[in-house]
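Engineer: Submitted below is the structure of interest, expressed as structure tokens.
The values are calculated or read from the model by the stated rules, or taken from the named source; none is laboratory data. Note that the structure is predicted; figures quoted are calculated from it, not measured. Cβ atoms come from the backbone with ideal geometry, glycine included; neighbour counts cover every protein chain shown.
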Amino acid sequence: MSVDKLGDWRRTHYSSEITPELDGQKVVVFGWVQSLRNLGGIKFILLTDREGTVQVTVPLKEVKPEISEKIERLGKQYVVGVKGTVRASEKAQQGVEIIPEELKILNSARHPLALDPTGRVPADLDVRLNARILDLRRAENLAVFKINHHVIKAIREFLDGKGFIEVQTPKIIATATEGGASLFPVVYFDREAFLAQSPQLYKEQLTSVMEKVYEIAAYFRAEESRTVRHTAEFISVDIEQAFANGDDVMKTLEELTVYVVKHVMDKCGEELKLLNRQLQIPSVPFPRYTYDEVLELLKERDFHVSWGEDLPTPALRMLGDLNPHTYYFITDWPTEAKAFYIKPRDDKPEICEGFDFMYSWIELASGGTRIHDKNLLVERLRQQGLNPESFEHHLKVFDYGMPPHAGWGLGLGRLLMVLTGKENVRECILFPRDRDRLTP
């Protein structure tokens, strides 16, 4: 099929900007054919772009013959440009339509389509992800990633305003950040290396120079579990702050969460409406439960977790039932349950200054006060069965003067789940990677 060239055509308006107030004006719009209707002497094209849809009305007796001919060739999801006149019309969707004077078919789409991008024909998540671009042409799915855009923007605005400096750390590393589990090995010239699990060690080191740093980047963990909240590649928002402890960075996380929720409510009203999602600004400070208090709450409901163990998913879901639609912290974890770099409490070393940040049953972030004493850090490495020699490049930085510091890492996809109401983190990642998925 022959197609038209773009030539000197350039968009004048997105679909959402075509309003009755433009009645009589000439416009150029581009997009994809969502639907076609033929009522005999008049045809309708519903054109969609990233901002929504607009109706193109084609009275066959009024338009040029070549437009009628081109419309006969159109199919759903064809890429088209329309140059025409805006006309206010109570009968049209959104009270406005475009009467075309010229129409360009810029590309075709092969039929049958892998799925129905309008969503009228349901498809399970795997089918949707296999045809992700078509899936994203559904307004509700695109809305998730418009919100994602504003969330990242808000995070940067907030952290910049708090004096944090954005950094970029290596994603190919020589040794594990948090031990040897869940690593993706890669061939690095003539030796083995690994994809980074987090920026943890680098951001700690950078506090001895920049004091307050943050990074928003992709990280990798070889997660074998097939759950609705785990993927092998994920975006993490990490901060690290010198001359601070876990309480300080928990407060920062509270303030950031409120700032992000306010920003999304302010900037993403249409997207939230599409998702049938109503947000509320959370009150600060968020509730805090110690690990021991959590175990007692679970015990009261006949769910027993041995002291020192991590909380299994059924326990987390029970906590979610007790804290629906609530942000909260779990603090004072057993030292052995947390990473080697989390500082044990001075008064009770079996408990550490680490925390988890939760919404309902979903862990959104974890963090805490870090160990800044080299001897203690070496001791903790050995306690967790790790060889300090493997961390020599990190440990030597402590000889240069390491300040007390604290930080956290926040899963962007999980935060987006909370904000959009999605139940699977894969719906909040453009092209998710997990144990079973490496394409598209």
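Engineer: When you go through 197, 205 one by one, which is the residue that is of a type outside the set (Lys, Arg), assigned by TED's automatic domain parsing to the domain that holds residue 385 and part of a loop (DSSP other than H, G, I, E, B)?
Structural biologist: Step by step, each of 197, 205 is checked, and only 197 is of a type outside the set (Lys, Arg), assigned by TED's automatic domain parsing to the domain that holds residue 385 and part of a loop (DSSP other than H, G, I, E, B).
Engineer: Any residue in the range 219-236 that is among the acidic types (Asp, Glu) sitting within a Cβ distance under 9 Å of a residue that is at pLDDT below 90? List the pairs, counting only those 6 or more apart or interchain.
Structural biologist: 223/182; 224/182
Engineer: Now for a separate question. All but one of (1) in contact (Cβ under 8 Å) with a residue 60 or more places away in the chain; (2) assigned to a helix (DSSP H, G or I); (3) out of contact with any Leu (no Cβ under 6 Å at 6 or more places or on another chain) hold for residue 440, so report the exception by its number.
Structural biologist: It fails just one condition, (2).
Engineer: Sticking with this structure for a sec: Read through the list (1) exposed (fewer than 14 other Cβ atoms within 10 Å of the Cβ); (2) among the aliphatic types (A, V, I, L, M); (3) closer than 30 Å to residue 255 by Cα, then give the number of the only condition that residue 151 fails.
Structural biologist: Exception for residue 151: condition (1).
Engineer: Right, here's the next one. Any residue at all in the range 241-257 that's under 18 Å from residue 420 (Cα atoms), polar (S, T, N, Q) and either free of Cβ contacts under 8 Å to residues at least 40 places away in the same chain or buried (at least 17 other Cβ atoms within 10 Å of the Cβ) (or both)?
Structural biologist: Yes: the range 241-257 contains one or more residues that are under 18 Å from residue 420 (Cα atoms), polar (S, T, N, Q) and either free of Cβ contacts under 8 Å to residues at least 40 places away in the same chain or buried (at least 17 other Cβ atoms within 10 Å of the Cβ) (or both).
Engineer: Which of the residues that make up the range 40-49 are in contact with a Leu (Cβ under 9 Å, 6 or more places away or on another chain) and either under 17 Å from residue 19 (Cβ atoms) or among the hydroxyl-bearing types (Ser, Thr, Tyr) (or both)?
Structural biologist: Of everything in the range 40-49, just one residue is in contact with a Leu (Cβ under 9 Å, 6 or more places away or on another chain) and either under 17 Å from residue 19 (Cβ atoms) or among the hydroxyl-bearing types (Ser, Thr, Tyr) (or both), namely 46.
Yes/no per residue for (1) crowded, with 18+ Cβ neighbours inside 10 Å; (2) in a strand (DSSP E or B):
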{"position": "319", "(1), (2)": "yes, no"}
{"position": "325", "(1), (2)": "no, no"}
{"position": "336", "(1), (2)": "no, no"}
{"position": "349", "(1), (2)": "no, no"}
{"position": "357", "(1), (2)": "yes, yes"}
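Engineer: In the range 92-141, which residues are closer than 19 Å to residue 427 by Cβ and of a type in the set (A, V, I, L, M, F, W, C)?
Structural biologist: Of everything in the range 92-141, those that are closer than 19 Å to residue 427 by Cβ and of a type in the set (A, V, I, L, M, F, W, C) turn out to be 114, 115, 121, 123, 125, 127, 129, 131, 133, 134, 136, 139.
Engineer: Let me ask something else. Determine the pairs where a residue that is over 23 Å from residue 434 (Cβ atoms) and not assigned by TED's automatic domain parsing to the domain that holds residue 274, located within the range 113-128, has a partner that is surrounded by 14 or more Cβ atoms within 10 Å (Cβ to Cβ) and charged (D, E, K, R) with Cβ atoms under 6 Å apart, the partner being 6 or more residues away or on another chain.
Structural biologist: Filtered contacts from the range 113-128: 117/137; 117/138; 119/138.
Engineer: Looking for whichever is aliphatic (A, V, I, L, M), buried (at least 20 other Cβ atoms within 10 Å of the Cβ) and assigned by TED's automatic domain parsing to the domain that holds residue 233 here; the options are 376, 381, 386, 395. Which one fits?
Structural biologist: 381
Engineer: I would also like to ask the following. If residue 369 passes every condition in (1) touching a residue at least 40 places away in the same chain (Cβ under 8 Å); (2) part of a loop (DSSP other than H, G, I, E, B) but one, which one does it miss?
Structural biologist: Among (1) touching a residue at least 40 places away in the same chain (Cβ under 8 Å); (2) part of a loop (DSSP other than H, G, I, E, B), residue 369 violates only (2).
Engineer: Oh, and also: Going by the structure shown, is residue 330 surrounded by 19 or more Cβ atoms within 10 Å (Cβ to Cβ) and over 23 Å from residue 381 (Cα atoms)?
Structural biologist: Taking the combined requirement at face value, the residue satisfies it.
Engineer: If residue 229 passes every condition in (1) at pLDDT below 95; (2) touching a Leu at 6+ places or on another chain (Cβ under 7 Å); (3) surrounded by 18 or more Cβ atoms within 10 Å (Cβ to Cβ) but one, which one does it miss?
Structural biologist: (2)
Engineer: Could you grab me the full set of residues in the range 1-33 that are surrounded by fewer than 16 Cβ atoms within 10 Å (Cβ to Cβ), part of a helix (DSSP H, G or I) and of a type in the set (Ser, Thr, Tyr)?
Structural biologist: Selection gives 16 alone.
Engineer: Would you point out which residue out of 172, 152, 165 is more than 30 Å from residue 421 (Cα to Cα), in contact with a Leu (Cβ under 8 Å, 6 or more places away or on another chain) and of a type outside the set (Phe, Trp, Tyr)?
Structural biologist: So the residue among 172, 152, 165 that is more than 30 Å from residue 421 (Cα to Cα), in contact with a Leu (Cβ under 8 Å, 6 or more places away or on another chain) and of a type outside the set (Phe, Trp, Tyr) is 172.
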